[in-house]
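Undergrad: After the structure tokens below, expect a handful of questions from me.
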Amino acid sequence: MKLKLMYFLPFALGVLFYIPIVLIGEFEAVNPLAWVALLFLLIAGILMLIKKWWGSIFGILVGLLLIYMGSQDTGQFINETPLGVIFVAYYLIFGIVSLIQKIKKAKATDK
């Protein structure tokens with residue numbers, strides 16, 4: 001059960017980060033690409049919840065996007081690269097764990 005909730009941790013943290021920004025400012029205060037990234041994180045969580053290990057690819061894409069954005073000089077005071085590396089590692093690990101669980105389950109049903 002705990003593992004299933006972990007699939008949505010990056011999405012939940014992203015929502016918690018952006019809610020105050022939207023409440024204080026406006027919906028347009030957040031870059032549209034950030035909303036797409038949050039949607040990708042939600043899709044990744046849902047797909048991994050229903051045992052689709054390849055759902056982690058959506059989270060890895062968000063991590064790669066953050067790494068790319070961190071390599072650009074946009075004048076932001078926060079560098080996105082470390083967070084992107086964490087996202088890639090996080091979703092890579094959970095994708096592998098989900099795949100291993102699926103393989104073990106398939107082997108158990110074959111016996």
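Undergrad: Would you please give the FRET efficiency between ASP110 and LYS4, computed as 1/(1 + (r/R0)^6) with r the Cβ-Cβ distance and R0 = 22 Å, to the nearest 0.05?
TA: 0.35
Undergrad: State to the nearest 20 debye the size of the charge dipole of the stretch 1-104 about its Cα centre, where the only charges are +1 on K and R beta carbons and -1 on D and E beta carbons.
TA: Once rounded to the nearest 20, the dipole reads 840 debye.
Undergrad: Here's another thing I want to ask about it. What percent do you get for the relative contact order of the chain when only Cα pairs under 8 Å and 6+ apart count?
TA: Relative contact order comes out at 22 percent.
Undergrad: Put +1 on the Cβ of each Lys and Arg and -1 on the Cβ of each Asp and Glu in the chain; which of PHE17, LEU41, ALA108 then has its Cα farthest toward the positive end of the dipole?
TA: ALA108
Undergrad: Another question, then. Give me the number: length gained by fully extending ILE103 to LEU13, i.e. 0.36 nm times residue separation minus the C-alpha to C-alpha distance, one decimal in nm.
TA: Full extension of this stretch gives 29.4 nm more.
Undergrad: Tell me which GluC sites (Glu not before Pro) from the stretch 8-90 have a DSSP coil assignment and no more than 16 other beta carbons within 10 Å of their own.
TA: Numbers: sites: GLU26, GLU28, GLU80; in loops: GLU26, GLU80.
For GluC sites (Glu not before Pro) across the stretch 8-90 that sit outside H, G, I, E and B with at most 16 neighbouring Cβ atoms in 10 Å, the list reads GLU26.
Undergrad: Taking H placed 1.01 Å from N in the peptide plane, check which residues at least 5 places from LYS52 or on another chain put their amide H under 5 Å from its amide H.
TA: Here nothing satisfies the definition.
Undergrad: Most exposed first by the Cβ proxy, i.e. fewest other Cβ within 10 Å, how do LEU61, LEU66 rank?
TA: Numbers: LEU61 18, LEU66 21.
So the residues, fewest neighbours to most, are LEU61, LEU66.
No lab work stands behind these numbers, since they all come straight from the coordinates. What you see is a predicted model; the values in this text were computed from it and never measured. With ideal geometry, Cβ positions are generated from the backbone for all residues, glycine too; neighbour counts draw on all protein chains shown.
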